[in-house]
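Student: Got a structure for you, written out below as structure tokens; questions coming shortly.
Nothing in this text is a laboratory measurement; each read-out follows from the coordinates by a stated rule. A quick note: this is a predicted structure, and the numbers were derived from the prediction, not measured. Note that each Cβ is placed from the backbone with ideal geometry, even for glycine, and that neighbours are counted across all protein chains shown.
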Amino acid sequence: MRVFITGGTGLIGRHLVRRLAERGDQPVILSRHVDQVRRDPSMRVREIVSGDPTTSGAWQSAVDGCDAVVNLAGHNIFEDRWNAQVKRKIRDSRVYGTDNLVAAIARAKTRPKVMVQSSAIGYYGTPAETELTEESPSGSDFMAVVCREWEEAAHHVEASDVRLALIRTGVVLERGAGALGVMTPIFKWLPLGAAPIGNGGSLFKPAQGQQWMSWIHIDDIVGILLLAIDHSQATGPINGTAPNPVRNAEFSKVLAKKVWRPCLPFGPPDSLLRVVYGEVADVITKGQKVLPTRALALGYSFKYPKLDAAMTALFAKPAAAPKPERIPAANSGHSH
């Protein structure tokens, strides 16, 4: 099976590419930095197409003849402090990239049978205690609107008679990368020990970490992407989260234990995190309780349904290999 992938050098993409190759499929990676990807030992045997998904171009012809398309591209929401320009980049990298991929599929003589489209649990907004399934409505904050527009752009592929699966990804856990790449160093070096983050609620009230965290181990999000590629009934939204979300306080305790640190009962107030990180702090301090109803109904068996086992497995192995050297700022439009 030939699988065309955007965002194939990002956190999830690299693992997906490896798993596809291991099972005998041919990953075809779209990248704006072909030479840099070729220098990366873990990517050396892959087929790489030069192009930027946010602009139409010759790369689009490479979709013709592929059996599946996986769209993971989008500007990293944690890369910069949010302002109007960064928010526009977060939105446009997702929506325009999807528009161009859908157009490429429509023009292909031999079209893929399926498009697996990345989305995020940010789609639901941040209702505090509600259990959220794929049937739950969208929220109204910035990330909810972005996810909604992202998914709407993907729905146009259905006019080409292509099956569409929308993967609403939660907090992906991989050692030394993503959320753990940010949190682990903080937990290791805080002078008094680790602490819950978020849900302080007022200016002076310390955080108690009562918000829900809908996490998923890297192996399981890749497993759900493979399920979406393979399973003819995998259509529409599918939550990419483990079946046992936890509150931030419990997550903090488990992570602290893995890095041999004490965990305090209280953390910094939300207002302080907003001063340090700006508006993106809301993504960390507010949460959702999301359940993977569709993945379970489709027969997906989670390798790591519980947080403690997931973290034990992650911290028993070496940290994720570093990504290729950072792309110069002038070109760092979108995640790679």
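Student: Figure the gain on full extension for S50 and D230 (residue separation times 0.36 nm, minus the Cα-Cα span) and round it to one decimal in nm.
Tutor: The span from S50 to D230 would gain 62.1 nm if fully extended.
Student: Using DSSP to define loop residues, name the chymotrypsin sites (Phe, Trp or Tyr not before Pro) in region 143-212 whose beta-carbon has at most 12 other beta-carbon atoms within 10 Å.
Tutor: For chymotrypsin sites (Phe, Trp or Tyr not before Pro) across region 143-212 that sit outside H, G, I, E and B with at most 12 neighbouring Cβ atoms in 10 Å, the list reads F204.
Student: Please sort 101-113, 214-226 by packing, taking for each peptide the average over its residues of neighbouring beta carbons within 10 angstrom, highest first.
Tutor: Ranked by mean Cβ neighbours within 10 Å, highest first: 214-226, 101-113.
Student: If I build a Gaussian network model for the chain, linking alpha-carbon pairs within less than 10 angstrom, which residue out of D99, D67, D230 has the largest mean-square fluctuation?
Tutor: The residue with the greatest mean-square fluctuation here is D230.
Student: Give a quick list of GluC sites (Glu not before Pro) in region 10-90 that DSSP marks as loop, anything other than H, G, I, E or B, with at most 16 other Cβ atoms within 10 Å.
Tutor: E79
Student: Next question, about the same structure. Give, rounded to the nearest 20 debye, the magnitude of the charge dipole that the chain has about its Cα centre when Lys and Arg contribute +1 at Cβ and Asp and Glu contribute -1 at Cβ.
Tutor: With only Lys, Arg, Asp and Glu charged at Cβ, the dipole is about 920 debye.
Student: At 222 nm, what helix-only mean residue ellipticity would the chain give, in deg cm²/dmol to the nearest 500, using -39500 (n - 2.57) for each DSSP H run of four or more?
Tutor: -10500 deg cm²/dmol
Student: With the cut-off at 1.5 for a/c, could you classify region 1-119 from its C-alpha gyration tensor as rounded, prolate or oblate?
Tutor: oblate
Student: Then there's this: Among L101, A154, V116, flag the residue with its Cα farthest along the positive direction of the charge dipole of region 84-161, charges on Cβ as +1 for Lys/Arg and -1 for Asp/Glu.
Tutor: It is L101.
Student: Could you list, in their original order, any pairs among K89/K257; K205/K303; K258/K286; K87/K205; K289/K317; K87/K113 whose Cα atoms are separated by more than 31 Å?
Tutor: K89/K257; K205/K303; K87/K113
Student: Which cross-chain or sequence-distant (5 or more) residues have an amide H under 5 Å from the amide H of V246, H modelled 1.01 Å from N in plane?
Tutor: M213, W215
Student: R19 versus K257, label points 7 Å from Cα toward the beta carbon: distance in nm?
Tutor: 2.6
Student: If amide hydrogens are placed 1.01 Å from N in the peptide plane, which non-local residues have theirs closer than 5 Å to the one on T169?
Tutor: Under 5 Å from the amide H of T169: S119, A120, I121, G240.
Student: I've got another one for you. Write down the percent of antiparallel bridges among all DSSP beta bridges whose residues are both part of region 67-221, to the nearest 5.
Tutor: Rounded to the nearest five, the antiparallel share is 10 percent.
Student: Restricting to DSSP loop positions (anything but H, G, I, E, B) with no more than 13 other Cβ atoms inside 10 Å of their own Cβ, which GluC sites (Glu not before Pro) remain in region 130-215?
Tutor: Passing both the DSSP loop test and the Cβ count: E135.
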